[in-house]
Every structure is written in C-alpha cells, then in structure tokens.
Amino acid sequence: FLTWIWLHSNQVPAFSAVYTGFVTLLGRKKKKKKKNDVLFFKANTAQSLLYGQQLGWCNADVVNDKSKFEFLKKMVFLRYENSELFSKGRLLRPPVVKSDIADEVTGPAMSFTDDYVIRHVMSGAWRTKEGLVKIFVTNIADIEAHFEIKFSQSEYGGIPYDTTNLDIVQNGDTVTVS
C-alpha cells in the first residue's frame, strides 16, 4: 500500500493503526505541483509524524527553504526521540482538536482533483509497549495556537501523566485538555 500518496483532506490513520509494528510506513510525496506550498509541506510532514510514517521523503533541495527545513528538522528530531514508540507502540484514535486558527484550503496534490483542507493544529496518540499513552500535538502555523483536545478516557486509560500547565475537564468518559 502506497502510504506516500495519502494526500487527501480528513484522513484517519486506520492503516497505520492496524499495520504499525508489522511494516515500515513510508513518508509522503511532496513535490511537483505542491513543491512550493510550504503550508502543505508542513501539514503532511506533521501528519506523517502523527501517523508513524518515516519522515524526510522529499526533494533534497528542502535544505534551501529555511521554513520547510527548520520544520522538518524539528519533526525528525521528535520522531527520533520517540523511535521506539513509533516502531513498537500502538497508534490510538487521534484526539479531537479544536483550535483558534481557522483551517486553510489549498489546491489538490498530485493528480487529485479535490482541494486539500489544512488543519494547523493536529494531534496523535500512541500507547507504549508498557501501556502508557503519549499524546502529540503539532502546530504548523507561524503563530501560537490556543487549542483543546478531547479523547475517551476508557480508550486512553485516563488522564496523561504530565499535566503541567494544562486545564483538564472530565465529563463521563470524555476528557478535555486545553
């Protein structure tokens, strides 16, 4: 299955959730007609991280674009710091994100015809082999974002362990973190 053509809006990481730990997931195609779209590059790089895909599947000239390259380095370093989690952990249903930054629409990628909706703030959640849950939140905007995430306590196993500087509200099985 070609994970590098996951270039549609509103995707869910079902394939990654099933096959992580059994196959290596390649990164995303980010060239040709979307090559100069920095926001598209950042969105797909962040989503690749959250889905457990390999990062860096882009043209080598990414080093010539400071905004792309700096963002790629941050995501690669984050993936490297969590390499055991991404190779041996289990991907969970991503938390639902609400952000104060509006979605943006860009043109379609590759030979697709539908516009691509970009969310600036995205999230993902992974369970370690020891059973702990790690939640990632990415912001691809050039400005600070205020956001909240919601997830199921029964699926995630409760509230994250490091809750420094977070507001947490629990309502039944739903946990909201902002």
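The values are calculated or read from the model by the stated rules, or taken from the named source; none is laboratory data. Computed from a prediction, not measured in an experiment: that's the story for all the values here. Glycine also receives a Cβ, built like all others from the backbone with ideal geometry; neighbour counts cover every protein chain displayed. Heads up: the accessible areas ignore ligands, DNA and RNA and are worked out on the full protein's heavy atoms, side chains in. Shrake-Rupley method; radii C 1.70, N 1.55, O 1.52, S 1.80 Å.
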Next item on the list: Check residue 85 against each of (1) among the aliphatic types (A, V, I, L, M); (2) touching an Asp or Glu at 6+ places or on another chain (Cβ under 9 Å); (3) surrounded by 17 or more Cβ atoms within 10 Å (Cβ to Cβ) and name the one condition it does not meet.
Entry: (2)
Check: So which of 83, 87, 123 ends up being without any contact (Cβ under 8 Å) to a residue 12 or more places away in the chain, small (Gly, Ala, Ser) and under 22 Å from residue 16 (Cα atoms)?
Finding: 83
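Going by the structure shown, is residue 137 at pLDDT below 85, of a type outside the set (Phe, Trp, Tyr) and crowded, with 17+ Cβ neighbours inside 10 Å? Quick ask: steps written out before the conclusion?
On the way: at pLDDT below 85: no; of a type outside the set (Phe, Trp, Tyr): yes; crowded, with 17+ Cβ neighbours inside 10 Å: yes.
So residue 137 fails the test.
From 15, 40, which residue is out of contact with any helix residue (DSSP H, G or I) (no Cβ under 6 Å at 6 or more places or on another chain), modelled with pLDDT under 90 and not polar (S, T, N, Q)?
Every option except 15 fails the conditions.
Restricting attention to the range 97-120, which residues are closer than 13 Å to residue 40 by Cα and either part of a strand (DSSP E or B) or among the β-branched types (Val, Ile, Thr) (or both)? Let's see the steps before the verdict.
The initial filter retains those residues of the range 97-120 that are closer than 13 Å to residue 40 by Cα, namely 103-110, 115-120.
Result: 104, 105, 106, 116, 117, 118.
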Check: Which condition does residue 178 not pass, out of (1) at pLDDT below 90; (2) of a type in the set (S, T, N, Q); (3) in contact with a Leu (Cβ under 9 Å, 6 or more places away or on another chain); (4) open to solvent by less than 50 Å² (accessible area, probe 1.4 Å), if it passes all the others?
Finding: (4)
Item checked: Residue selected from the range 38-76 under the condition open to solvent by 20 Å² or more (accessible area, probe 1.4 Å), among the polar types (S, T, N, Q) and in a helix (DSSP H, G or I), by the criterion nearest to residue 89 (Cα to Cα) -> 47
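The rows are residues; the columns are (1) out of contact with any His (no Cβ under 6 Å at 6 or more places or on another chain); (2) open to solvent by less than 50 Å² (accessible area, probe 1.4 Å); (3) under 15 Å from residue 51 (Cα atoms); (4) among the charged types (D, E, K, R).
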{"site": "90", "(1), (2), (3), (4)": "yes, no, yes, yes"}
{"site": "93", "(1), (2), (3), (4)": "yes, no, yes, yes"}
{"site": "98", "(1), (2), (3), (4)": "yes, no, no, yes"}
{"site": "104", "(1), (2), (3), (4)": "yes, no, no, yes"}
{"site": "126", "(1), (2), (3), (4)": "yes, yes, yes, no"}
{"site": "143", "(1), (2), (3), (4)": "yes, no, no, no"}
{"site": "149", "(1), (2), (3), (4)": "yes, yes, no, no"}
{"site": "157", "(1), (2), (3), (4)": "yes, no, no, no"}
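Across the range 18-37, which residue is modelled with the highest pLDDT among those that are of a type in the set (A, V, I, L, M) and open to solvent by 50 Å² or more (accessible area, probe 1.4 Å)?
Residues of the range 18-37 of a type in the set (A, V, I, L, M): 18, 23, 25-26.
With the extra rule that they be open to solvent by 50 Å² or more (accessible area, probe 1.4 Å), the set shrinks to 18, 23, 26.
On the way: 18: 83, 23: 75, 26: 71.
Checked the range 18-37; the qualifying residue modelled with the highest pLDDT is 18.
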